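This is the structure, below, for whatever I ask next.
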Amino acid sequence: MLFNLRNLLNATILRKSSKQLVQRFRSGQAAQTNVHLKGRDLLTLQNYTAEEIKQLLWVSSDLKQRIKHKGEYLPLLQGKSLAMIFEKRSTRTRLSTETGFALLGGHPCFLTTQDIHLGINESLTDTARVLSSMTDAVLARVYKQSDLDLLAKEASIPIVNGLSDSYHPIQILADYLTLQVTTRLEACCNPTGHTSPPTPRPNPAISPALRNTLTAVWQHIKLSQVSG
């Protein structure tokens, strides 16, 4: 009985601390009133503005710093589940997405071609409806972009493109974040809400030509509509 009481108290403390952590995280978010990402699909970056991509990069950088480098516990996805459909195997994509979702308190569900057959045993529409009723989001690494488009159309939860024959948006976002860190450029979106262009701080390990290229890419993210 004492053991059960102790577990109950620990669970109560965890829920309380988790709520406080979530509130503290939200209060520190960048002040971007015109950016609304909740419930959105991520099929291609063509559907996102430069400001929205900058917000995604800022949040990614902030979470990485706080969880990986500071060791903070931020269960922002506690109680949420992610269906991970992988028609094609991938070490890095699976590990990064599955680990990231778990670190935020969520439960990733890995599904291979042995577990789910898109459009074979049941239609894509049925699959989208079943996943929508049991999970909170879907990450799909598929052969055909058209399958992702149909999943997004029929599902009531966000669909994230983990790779298709046309796009790989999460890889591009990871590359942009790496460029940001490598060139030592501060994100335009930050906890203070400032949106003025950052000043590049040269990294001596990078050649001037490469630095100019990376800076140009970052300027493209900041100032223009991203396509491709």
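The values are calculated or read from the model by the stated rules, or taken from the named source; none is laboratory data. If you're wondering where the values come from, they're calculated on a predicted model, not measured in any experiment. Every residue, glycine among them, receives a Cβ derived from its backbone with ideal geometry; neighbour counts consider all protein chains shown.
Quick test of your reading of the structure: R94 fulfils all but one of (1) part of a loop (DSSP other than H, G, I, E, B); (2) under 24 Å from L37 (Cα atoms). Name the failing condition by number.
The single condition R94 does not satisfy is (1).
Further, regarding this structure: So, of the residues in the range 34-76 that are part of a loop (DSSP other than H, G, I, E, B) and aromatic (F, W, Y), which turns out to be surrounded by the most Cβ atoms within 10 Å (Cβ to Cβ)?
Of everything passing the filter in the range 34-76, Y48 is surrounded by the most Cβ atoms within 10 Å (Cβ to Cβ).
So, one more: Looking at L63, L43, L74, which is the one that is in contact with a Pro (Cβ under 9 Å, 6 or more places away or on another chain) and either modelled with pLDDT of 95 or more or under 21 Å from P108 (Cβ atoms) (or both)?
Exactly one residue qualifies, and that residue is L43.
Restricting to the range 123-146, count the residues that are closer than 20 Å to Q46 by Cα and in a helix (DSSP H, G or I).
2
Continuing with this model, one more query. Filtering the range 99-146 down to residues that are in contact (Cβ under 8 Å) with a residue 40 or more places away in the chain and closer than 19 Å to D165 by Cα, which residue is farthest from the chain's Cα centre (by Cα)?
Y143
Now a separate question. For the range 98-110, check the following and say yes or no: at least one residue is buried (at least 18 other Cβ atoms within 10 Å of the Cβ), of a type outside the set (D, E), at pLDDT 95 or above and not in a strand (DSSP E or B).
Scanning the range 98-110, I find at least one residue that is buried (at least 18 other Cβ atoms within 10 Å of the Cβ), of a type outside the set (D, E), at pLDDT 95 or above and not in a strand (DSSP E or B), so the answer is yes.
Select from the range 147-168 the residues that are part of a strand (DSSP E or B) and of a type in the set (A, V, I, L, M) and write down the one among them that is nearest to the chain's Cα centre (by Cα).
The extreme case among them is V160.
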